[in-house]
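Chemist: Mind looking over this structure? Questions follow.
The values are calculated or read from the model by the stated rules, or taken from the named source; none is laboratory data. Given the structure is predicted, the values throughout are model-derived calculations rather than measurements. All Cβ positions, even for glycine, are placed from backbone atoms using ideal geometry, and neighbour counts span all protein chains on display. Accessible surface areas use protein heavy atoms only, side chains included; no ligands, DNA or RNA. Shrake-Rupley method; radii C 1.70, N 1.55, O 1.52, S 1.80 Å.
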Amino acid sequence: MRGGGPSVLGIVLAGGEGKRLMPLTADRAKPAVTFGGTYRLVDFVLSNLVNGDILRICVLTQYKSHSLDRHITTTWRMSNLLGNYVTPVPAQQRLGPRWYLGSADAILQSLNLVYDEQPEYVAVFGADHVYRMDPRQMLAQHIESGAGVTVAGIRVPRTESSSFGVITPASDGQTVERFLEKPTDPPGLADDPSCVFASMGNYIFTTKALIEALKRDAEDASSVHDMGGSILPQLTDRGEAALYDFSANHVPGETTRDQGYWRDVGTLDAYYEAHMDLIAERPAFNLYNRSWPIYTHSYQLSPARFNAGGIASESIISAGCLVRGQVTRSVLSPGVVVDPGAVVQGSVLHDNVHIGRGAVVRGAVLDKNVEVPPGATIGVNPELYTVSKGGVIALGKGQLVT
């Protein structure tokens with residue numbers, strides 16, 4: 001951290017397969033999936049860490065990591081003069097001929113990074129959430145509490161608890177009394193029984209506590225070697241875990257509308273809904289906050305163009321797009337072409353998608369390089385395509401449309 005503050009190493013967990021986000025993860029790791037037109041999911045956590053002066057960051061990768069590795073190495077170039085870096089770290093089998101058994105095992109196998117850097121604290125953050133957060137505020141609470149680990153939590157309806165690690169705070173509101181991984185019937189909060197604290201997958205460890213916890217976990221043959229399923233319960237039982245309430249976090253430039261926004265976009269429905277959050281007149285998540293920017297690769301493309309009566313409303317249109325049809329409530333990534341007479345409604349189109357003349361696309365997510373032929377329809381007869389529980393149609397990278 002700059003300015004003589006405590007030394008912090010950032011570790012971003014980016015090795016998950018992302019099966020629930022198929023087909024968008026058929027050819028890439030989940031953190032490399034495009035979001036909001038020009039961003040990758042990993043850009044959100046990296047922007048939060050860098051904006052918060054955590055400037056030495058290791059991104060642990062594993063599955064289908066080429067696209068992610070390329071994005072990090074070409075986009076996230078820090079100052080070598082100051083010793084800052086963002087670097088992808090692939091699985092290296094340092095502890096034997098095996099891949100990562102879980103997120104805790106991933107860090108255990110990468111402890112050489114910690115030993116080399118010798119930080120006072122280690123920030124372990126997930127790579128596939130959409131949010132803004134100043135990690136310095138969480139770090140300050142962690143240092144003051146003296147805890148071995150502090151976990152960021154956000155209030156969610158109790159009915160959604162089976163999708164998250166659930167934190168039960170003690171009477172002081174800060175010590176973690178119990179940590180349950182994806183419970184079906186957890187107790188509600190004392191001040192609001194209809195809600196629970198869900199883990200955001202963001203942790204700050206005192207380095208000594210992290211190393212000791214990982215070594216204890218490695219010796220436990222019954223462990224699943226996961227941060228939420230193994231390390232947090234272990235440190236909770238030892239009285240060393242603390243809760244950080246995300247609602248107390250504030251970043252410069254936030255609005256009353258997007259303060260406290262956090263979305264786990266691990267399913268197609270959540271991914272689609274998070275995009276719809278972007279395009280409202282008063283967006284639930286504001287991409288245009290210049291005081292806490294989300295950084296990404298800058299494409300060398302011409303500005304978007306509208307010809308032949310093409311129109312777009314309530315939409316995000318990226319550079320390099322050519323719109324000659326009608327686009328409403330949609331997000332278009334760079335290089336998308338919408339031909340005359342085509343209609344795109346409530347959809348997310350990735351790079352270089354081409355919508356042919358007179359085609360109709362509704363409620364769909366189309367991965368890059370999909371060609372929709374003239375007159376074809378997607379979302380009009382949804383039974384022709386794979387549909388999510390929420391009714392979202394998704395076509396994979398380069399998938400043929402008839």
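Chemist: Does segment 44-52 include one or more residues that are at pLDDT 95 or above, out of contact with any Leu (no Cβ under 7 Å at 6 or more places or on another chain) and within 24 Å of Ile317 (Cβ to Cβ)?
Modeler: The answer is yes; a qualifying residue exists.
Chemist: Another question, if that's okay. Restricting to segment 171-202, name every residue that is touching a Cys at 6+ places or on another chain (Cβ under 8 Å) and open to solvent by 20 Å² or more (accessible area, probe 1.4 Å).
Modeler: Hit for segment 171-202 is Gly188, nothing else.
Chemist: Exactly one condition in (1) touching a strand residue (DSSP E or B) at 6+ places or on another chain (Cβ under 6 Å); (2) crowded, with 20+ Cβ neighbours inside 10 Å is not met by Thr328; state its number.
Modeler: Thr328 satisfies every listed condition except (2).
Chemist: Between a first residue in segment 342-370 that is surrounded by 24 or more Cβ atoms within 10 Å (Cβ to Cβ) and among the charged types (D, E, K, R) and a second residue that is modelled with pLDDT under 95 and outside any strand (DSSP E or B), which pairs have beta carbons less than 8 Å apart while being 6 or more apart in sequence or on different chains?
Modeler: Final answer for the pair search is Asp367/Pro23; Asp367/Leu24; Asp367/Gly396; Asp367/Lys397; Asp367/Gly398; Asp367/Gln399.
Chemist: Find all pairs meeting these conditions: Cβ atoms under 7 angstrom apart; at least six residues apart or on different chains; first residue within segment 296-322 and under 16 Å from Asn352 (Cβ atoms); second residue of a type in the set (Phe, Trp, Tyr).
Modeler: Filtered contacts from segment 296-322: Ala319/Tyr299; Gly320/Tyr299.
Chemist: Could you list, in sequence order, all residues of segment 1-19 that are more than 25 Å from Leu287 (Cα to Cα) and either modelled with pLDDT under 85 or not polar (S, T, N, Q) (or both)? Let's see the steps before the verdict.
Modeler: Of all residues in segment 1-19, those more than 25 Å from Leu287 (Cα to Cα) come to 1-9, 15-17, 19.
If the condition is that a residue be more than 25 Å from Leu287 (Cα to Cα) and either modelled with pLDDT under 85 or not polar (S, T, N, Q) (or both), then Met1, Arg2, Gly3, Gly4, Gly5, Pro6, Val8, Leu9, Gly15, Gly16, Glu17, Lys19 are the ones that fit.
Chemist: Of these, Leu55, Leu111, which one is under 14 Å from Gly10 (Cα atoms) and either of a type in the set (Gly, Ala, Ser) or over 19 Å from the mean Cα position of the chain (by Cα) (or both)?
Modeler: After applying the criteria, what remains is Leu111.
Chemist: Which condition breaks for Ser223 when tested against (1) outside any strand (DSSP E or B); (2) modelled with pLDDT of 90 or more?
Modeler: (2)
Chemist: Take segment 277-295 and flag every residue that is open to solvent by 30 Å² or more (accessible area, probe 1.4 Å) and touching a residue at least 40 places away in the same chain (Cβ under 8 Å).
Modeler: Correct list: Ser291, Pro293, Tyr295.
Chemist: Now a separate question. Taking segment 235-268 as the search range and keeping residues that are more than 14 Å from Trp292 (Cβ to Cβ) and of a type in the set (Val, Ile, Thr), which one is most open to solvent (accessible area, probe 1.4 Å)?
Modeler: If we take residues in segment 235-268 being more than 14 Å from Trp292 (Cβ to Cβ) and of a type in the set (Val, Ile, Thr), then Thr256 is most open to solvent (accessible area, probe 1.4 Å).
Chemist: Hey, another quick one. Do we have any residue at all in segment 204-218 that's under 20 Å from Gly260 (Cα atoms) and either surrounded by 24 or more Cβ atoms within 10 Å (Cβ to Cβ) or under 24 Å from the mean Cα position of the chain (by Cα) (or both)? Spell out how you get there, then give the answer.
Modeler: First pass over segment 204-218, keeping only residues under 20 Å from Gly260 (Cα atoms): 204.
Those left that are additionally either surrounded by 24 or more Cβ atoms within 10 Å (Cβ to Cβ) or under 24 Å from the mean Cα position of the chain (by Cα) (or both): 204.
Yes, segment 204-218 has at least one match.
Chemist: Could you please let me know if Val196 is in contact with a Gly (Cβ under 8 Å, 6 or more places away or on another chain), among the aliphatic types (A, V, I, L, M) and in a strand (DSSP E or B)?
Modeler: Yes: the conditions hold for Val196.
Chemist: Please name all residue pairs, on different chains or six or more residues apart, with Cβ atoms under 7 Å, provided the first residue is in segment 24-52 and is farther than 22 Å from Ser330 by Cα and the second residue is of a type in the set (Val, Ile, Thr) and open to solvent by 10 Å² or more (accessible area, probe 1.4 Å).
Modeler: The qualifying pairs are Leu46/Val86; Ser47/Ile294.
Chemist: Only one of Arg77, Arg40, Arg28, Arg20 is more than 24 Å from Trp262 (Cα to Cα) and charged (D, E, K, R). Can you tell me which?
Modeler: Among Arg77, Arg40, Arg28, Arg20, only Arg77 is more than 24 Å from Trp262 (Cα to Cα) and charged (D, E, K, R).
Chemist: Restricting attention to segment 114-170, and to residues there that are of a type in the set (S, T, N, Q) and open to solvent by less than 20 Å² (accessible area, probe 1.4 Å), which single residue is modelled with the highest pLDDT?
Modeler: It comes out as Thr150.
Chemist: For the condition under 18 Å from the mean Cα position of the chain (by Cα), within 29 Å of Gly18 (Cβ to Cβ), not acidic (Asp, Glu) and not in a strand (DSSP E or B), what is the one hit in Met133, Met138? Explain how you work it out, then say what you get.
Modeler: Values: Met138 fails: under 18 Å from the mean Cα position of the chain (by Cα).
One residue alone meets the criteria, Met133.
Chemist: May I ask you to list the residues in segment 35-49 that are open to solvent by less than 20 Å² (accessible area, probe 1.4 Å) and either out of contact with any Asp or Glu (no Cβ under 6 Å at 6 or more places or on another chain) or over 21 Å from Pro90 (Cα atoms) (or both)?
Modeler: Across segment 35-49, the qualifying residues are Phe35, Gly36, Gly37, Val42, Asp43, Phe44, Val45, Leu46, Ser47, Asn48, Leu49.
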